[in-house]
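Asks: Below you'll find the structure I mean.
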Amino acid sequence: MEVKKIYYEDLQIAKALIKRNNLVTRKYFYQQCYPLFKSIYDNYYTDCTNCKEFIGEIYIVVLAPNKISGKCQMENFRGESTLASWIKTACLYYCYKQYETKSRMPICEPLVFKNNQEKDDEGGRDEEKFGSIEIDFNNLNREDALVILNRMPNKRYSEIIRLRYLELLTNEETAKLLGMTMENYYNKHKLAKAQYIRIHGKEKQR
């Protein structure tokens, strides 16, 4: 019977990561594994704006507790391969799912935005918790709004604003189309609104 090699040192590292050991996390996840993350970020679809954001996404994917079981993915690591190989597999699967979600995204037909149009607040927005900035399109026609969106440096943020405020999707619908968790969506939504308003302010000064 074949005896499988167990990487005990990697098992200890995984346990330290699961316990949120800051020193091990910084040294292993963000330093030792950086070349691995950078290589995958450079060669596969991630929907992240930079490698640091990609590392953060993977950290959440493999170490965030499952809502039902309370366990994270890394708890399934048994040391039968190196931890780096296990993380690489998790990264590639994440990239595949992101690409698959993107390829299934429908192309939304532009909707005509009417001034003073009431927007149903479906899905229970939690704006107070995740940022109270509001975007008012009532005094801005669709063409002007698209100009501002095109000037936003972060295209992911501009897509959030377009879907949420021009196409009038709910937060939940927008997050689903972009393949984002609600927690990640709300964080990006807050940043997207701030960036949109900043660009809008520059446009008004022109």
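Asks: Look at Tyr185 and say whether it is modelled with pLDDT of 85 or more and hydroxyl-bearing (Ser, Thr, Tyr).
Replies: Spelling it out, Tyr185 is indeed modelled with pLDDT of 85 or more and hydroxyl-bearing (Ser, Thr, Tyr).
Asks: If you don't mind, there's one more thing I want to ask. If you scan region 176-206, which residues turn out to be open to solvent by less than 40 Å² (accessible area, probe 1.4 Å) and either within 9 Å of the chain's Cα centre (by Cα) or among the charged types (D, E, K, R) (or both)?
Replies: Scanning region 176-206 gives Leu178, Gly179, Met180, Asn184, Tyr185, Lys188, Lys193.
Asks: A further question follows. Is it fair to say Ala84 is surrounded by 13 or more Cβ atoms within 10 Å (Cβ to Cβ) and modelled with pLDDT of 95 or more?
Replies: Yes: the conditions hold for Ala84.
Asks: Out of region 16-57, which residues are open to solvent by 80 Å² or more (accessible area, probe 1.4 Å), over 18 Å from Thr89 (Cα atoms) and not in a helix (DSSP H, G or I)?
Replies: Lys19, Arg20
Asks: Please enumerate the residues belonging to region 1-42 that are of a type in the set (Phe, Trp, Tyr), in contact with a Phe, Trp or Tyr (Cβ under 8 Å, 6 or more places away or on another chain) and under 21 Å from Pro65 (Cβ atoms).
Replies: Phe29
Residue-wise test of (1) open to solvent by less than 40 Å² (accessible area, probe 1.4 Å); (2) over 30 Å from Glu173 (Cα atoms); (3) under 16 Å from the mean Cα position of the chain (by Cα).
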site: Gln12; (1), (2), (3): no, yes, no
site: Tyr59; (1), (2), (3): no, no, yes
site: Pro65; (1), (2), (3): no, no, no
site: Gln73; (1), (2), (3): no, no, no
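Asks: Consider region 1-15. How many of its residues are of a type in the set (A, V, I, L, M) and touching a residue at least 12 places away in the same chain (Cβ under 8 Å)?
Replies: Number satisfying all stated conditions: 4.
Asks: Please name all residue pairs, on different chains or six or more residues apart, with Cβ atoms under 6 Å, provided the first residue is in region 29-42 and is among the charged types (D, E, K, R) and at pLDDT 90 or above and the second residue is in a helix (DSSP H, G or I) and open to solvent by less than 70 Å² (accessible area, probe 1.4 Å).
Replies: Close Cβ pairs (under 6 Å, with a partner that is in a helix (DSSP H, G or I) and open to solvent by less than 70 Å² (accessible area, probe 1.4 Å)) amount to Lys38/Cys51.
The values are calculated or read from the model by the stated rules, or taken from the named source; none is laboratory data. Here the structure is a predicted model, which means the values were calculated and not measured. Ideal geometry is used to build each Cβ from the backbone, glycine not excepted, and the neighbour counts take in all protein chains shown. For accessibility, only protein heavy atoms count, side chains too; no ligands or nucleic acids. Shrake-Rupley method; radii C 1.70, N 1.55, O 1.52, S 1.80 Å.
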